[in-house]
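Okay, so here's the structure we're looking at.
The values are calculated or read from the model by the stated rules, or taken from the named source; none is laboratory data. Keep in mind the model is a prediction, meaning the values are calculated, not measured. We place every Cβ from the backbone using ideal geometry, glycine too, and count neighbours over all the protein chains shown. In case anyone asks, the SASA skips ligands and DNA or RNA and just uses the protein heavy atoms, side chains included. Shrake-Rupley method; radii C 1.70, N 1.55, O 1.52, S 1.80 Å.
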Amino acid sequence: MISVARLPEAAATAPPAGAPSVDVVVPVHNEQGVLPASIRRLHDYLSRALPLRWRIVIADNASTDETLRIAMALAEDLPRVELLALPDKGRGGALRAAWERSEADVVCYMDADLSTDLRALPPLLAPLLSGHSDVAIGTRLAPGSRVVRGRKRELISRSYNRLLHTVLGARFSDAQCGFKAVRGDAARRLLPAVRDDGWFFDTELLVLAQREGMRIHEVPVDWVDDPDSRVDIVRTALEDLRGIARLLAEARLIRFMAVGVASTIAYALLYLLLRAPLGAEGANALALALTAVANTHANRRLTFGISGRRDLIRQHAMGAFVYVLTLGLTSGALAVLHGLDPGSGRALELTVLVTAGICATVTRYMALRSWVFAPRPVLLHAKGTA
């Protein structure tokens, strides 16, 4: 069961009129040693330096020590501090629960030990509040950052982020820094698609934001490693590798390529089967037509996650248009081959046709992604508006 401890409205200091709102989430699990000093320090900083409507949400995820009791006492003692008590362990799950309940303009989080210098918070929030960016992250790996930590953790961090760049094409520099913020509307758009509730939550959120074309702003931070960190590095690394493999498999381009390979194999078999009764041109036309229909249907379901009859006619019409382009390209390639070598065998014909078909695949992907399967805009209304 999830429980929330709230302060009476009268106990909180009145926020500036019309100021944007920010929820600062601190996910905790067995943090009894650092929690009291960290929350009081954070509360003092926000009171002095953040001229916004803010609140601190302590998201306790199944602590087994005195963390929950301490958090309850802090929520009772400090204005604009709330406790969200969760029955299951997992930092990602704690952030999801807190952010899904939030109605703030911006949601952010930071580690309970406050390893990141709090003076980086205003630069983190500024591009989101201005509307310039959708996501903002603190980075320990960019020029201007000042980091104090051991060589082992430095090597692990840099290796992990290099892996993200190589395998997933990540363009952000530091996926794991516990200092991030997201516009409220962007969070509501991203959270339903994030599947991980553990340490990989951050990486998955950022990769999905990048794939959605969201702007990710980076802020170099001053960061001091917590010597009392109890993260199981080996187990976390294995979970991260599984998460990376899952995101790679879920990438649209990978799924499109898999459908394309299957379609190419089916086309080659159909062409060889139909070559004798229909001739080269007829076999090419019919094999392309059959695989084009199957390709469009498979991409609807597997690549772009569209089911049912929604936009079915429009999407197959665009598939037919791409078929005509592909037919023209392959027929032209076949005509050139027969002009140069009238006695060419079926193996050579098929090689030329498949090569031409692969070239046409690029056009197919761009057409389907941009014109047919592009997500339609979703209108998000702020609370209290029509």
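Measure off, as a whole percent, the carbon and sulfur share of the 1.4 Å-probe accessible area of the chain, all protein chains present. If you can, show how the numbers build up before the last one.
On the way: 11850 of 19470 Å².
The C+S portion of the solvent-accessible surface of the chain is 61 percent.
Excluding Y45 itself, what net charge comes from residues whose Cβ is under 13 Å from its Cβ, given Lys and Arg +1 and Asp and Glu -1? Numbers along the way, then the final one.
Numbers: positive: R40, R41, R48, R80, R119; negative: D44, D117.
Summing Lys/Arg as +1 and Asp/Glu as -1 gives +3.
Taking Rh as the Kirkwood radius, which is the inverse of the mean 1/r over Cα pairs, what is the Rg/Rh value for region 103-239?
Numbers: Rg = 14.4 Å, Rh = 15.4 Å.
With Rh from the inverse mean 1/r over Cα pairs, Rg/Rh is 0.94.
Which distance in Å, rounded to a whole number, links the C-alpha centroids of region 246-320 and region 177-230?
Their Cα centres are 36 Å away from one another.
Mind telling me which of A186, A175, A249 comes out most flexible in a GNM of the chain, alpha-carbon contacts under 10 Å?
A249
Three principal axis extents, largest first, for the C-alpha atoms of region 214-349, in Å?
75, 37, 27
Long-range amide H contacts for H217: which residues qualify at under 5 Å (H placed 1.01 Å from N, peptide plane, sequence gap of 5 or more or a different chain)?
D134, V135, A136, I137
I need the trypsin sites (Lys or Arg not before Pro) found in region 180-264, filtered to DSSP loop residues with at most 11 other beta carbons within 10 Å of theirs. Display every interim value, and only then the final one.
Values: sites: K180, R183, R188, R189, R195, R211, R215, R230, R235, R242, R246, R252, R255; in loops: R195, R215, R230.
Those that pass, being in a loop and sparsely packed, are R230.
What residues have an amide H closer than 5 Å to that of V147, excluding those fewer than 5 places away on the same chain, when H is modeled at 1.01 Å from N in the peptide plane?
W223
Add -39500 (n - 2.57) for each DSSP H run of 4 or more in the chain, then divide by its residues: what number comes out at 222 nm, to the nearest 500 deg cm²/dmol?
Details: 11 runs with 198 residues, N = 386.
That comes out to -17500 deg cm²/dmol.
Could you tell me which of Q32, I156, S115 has its Cα farthest along the dipole of the chain towards the positive end, charges placed at Cβ (Lys, Arg +1; Asp, Glu -1), taken about the Cα centre?
Checked the options; the winner is I156.
Need one number: convex hull volume per residue for the chain, Cα atoms only, in Å³. Working shown, then result.
Working: hull volume 70.5 nm³, N = 386.
About 183 Å³ per residue, rounded to a whole number.
For region 22-159, what are Rg and Dmax over the alpha carbons, in angstrom?
15.3, 43
With the dipole of the chain worked out from charges on the C-beta (+1 for Lys and Arg, -1 for Asp and Glu) around the Cα centre, which of P277, V322, L302 lies farthest toward the positive end?
Toward the positive end, the furthest listed residue is P277.
Suppose we flag GluC sites (Glu not before Pro) only when DSSP calls them loop and at most 15 other Cβ atoms lie within 10 Å. Which is the longest uninterrupted stretch of the chain?
On the way: sites that count: E66, E103, E212.
Answer from the scan: 213-386.
What is the distance in Å between the Cα centroid of region 100-126 and that of region 64-83?
Taking the Cα centre of region 64-83 as reference, the centre of region 100-126 is 19 Å away.
For region 142-187, max minus min Cα coordinate along each principal axis, in Å, sorted largest first?
So the extents along the principal axes, rounded to whole Å, are 38, 26, 17.
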